[in-house]
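Report on the structure given below.
The values are calculated or read from the model by the stated rules, or taken from the named source; none is laboratory data. Please read all numbers here as calculations on a predicted model, not as lab measurements. So basically every Cβ, Gly included, is an ideal-geometry build from the backbone, and we count neighbours across all protein chains shown. Surface areas here come from the heavy atoms of the whole protein model, side chains and all, with no ligands, DNA or RNA. Shrake-Rupley method; radii C 1.70, N 1.55, O 1.52, S 1.80 Å.
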Amino acid sequence: MRVKLAMFLMFSLNILVVAPAYANVTTLSLGENTYPKDGKFIFTGNEDEGSTSVFVIIRDSTGAFMGMLSDPSSDSDGTFSTLPRDVSQFFKSKGFFNATGFTDNQKEESGITIKLEYDGSKIFVVPDFVLKLNAITDQTVEEKKTVTFTVTLTNSLTD
């Protein structure tokens, strides 16, 4: 009996070591495209375990702590939505901010970060890409005639 119990405990310990149950935030976004300065805002996203606490810390461009939002328990499928907070409580001056989402088992440094901007009237996510106008080939045209050309853009994520 003791041998069976010892084998069961060793097997259980092995499972815990091989397959730890640590949830990580896998996606993070602002709930809406923009939130006005007199509104309330939320973050939404996913974590990979389900039914766990999720935190979102907001820091200014210098790394100073501005505040935190949370979802005390994500849904069983891992989706989460933080409790609504006043925009004016976190964003008092124009600038760029980082919002980092992580679980109670995950460190902030290994969370998912998105960049926000507050322009004095609203907050919104700063795109993580840059569109660049491609060069326009030289054109020869007679005076007082119309010149036609096609403008193309390059997305920095596809460079």
Residue list for the range 55-69, filter: surrounded by fewer than 19 Cβ atoms within 10 Å (Cβ to Cβ), in contact (Cβ under 8 Å) with a residue 12 or more places away in the chain and touching a Lys or Arg at 6+ places or on another chain (Cβ under 7 Å): 66
message: Give all pairs with beta carbons closer than 6 Å in which a residue from the range 17-37 that is closer than 21 Å to residue 58 by Cβ meets a residue that is at pLDDT 95 or above and in a loop (DSSP other than H, G, I, E, B); count only pairs at least 6 apart in sequence or on separate chains.
response: 25/111; 31/42; 37/121
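Every residue, every condition in (1) of a type outside the set (A, V, I, L, M, F, W, C); (2) part of a loop (DSSP other than H, G, I, E, B); (3) exposed (fewer than 13 other Cβ atoms within 10 Å of the Cβ); (4) at pLDDT below 95, yes or no:
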position	(1), (2), (3), (4)
5	no, no, yes, yes
8	no, no, yes, yes
12	yes, no, yes, yes
23	no, yes, no, yes
27	yes, no, no, no
38	yes, yes, yes, no
- request: Please name all residue pairs, on different chains or six or more residues apart, with Cβ atoms under 8 Å, provided the first residue is in the range 76-95 and is more than 28 Å from residue 51 (Cα to Cα) and the second residue is among the small types (Gly, Ala, Ser) and in a loop (DSSP other than H, G, I, E, B).
  value: 94/120; 95/61
field: Number of the exception - residue 151 against (1) open to solvent by less than 100 Å² (accessible area, probe 1.4 Å); (2) in a strand (DSSP E or B)
entry: (2)
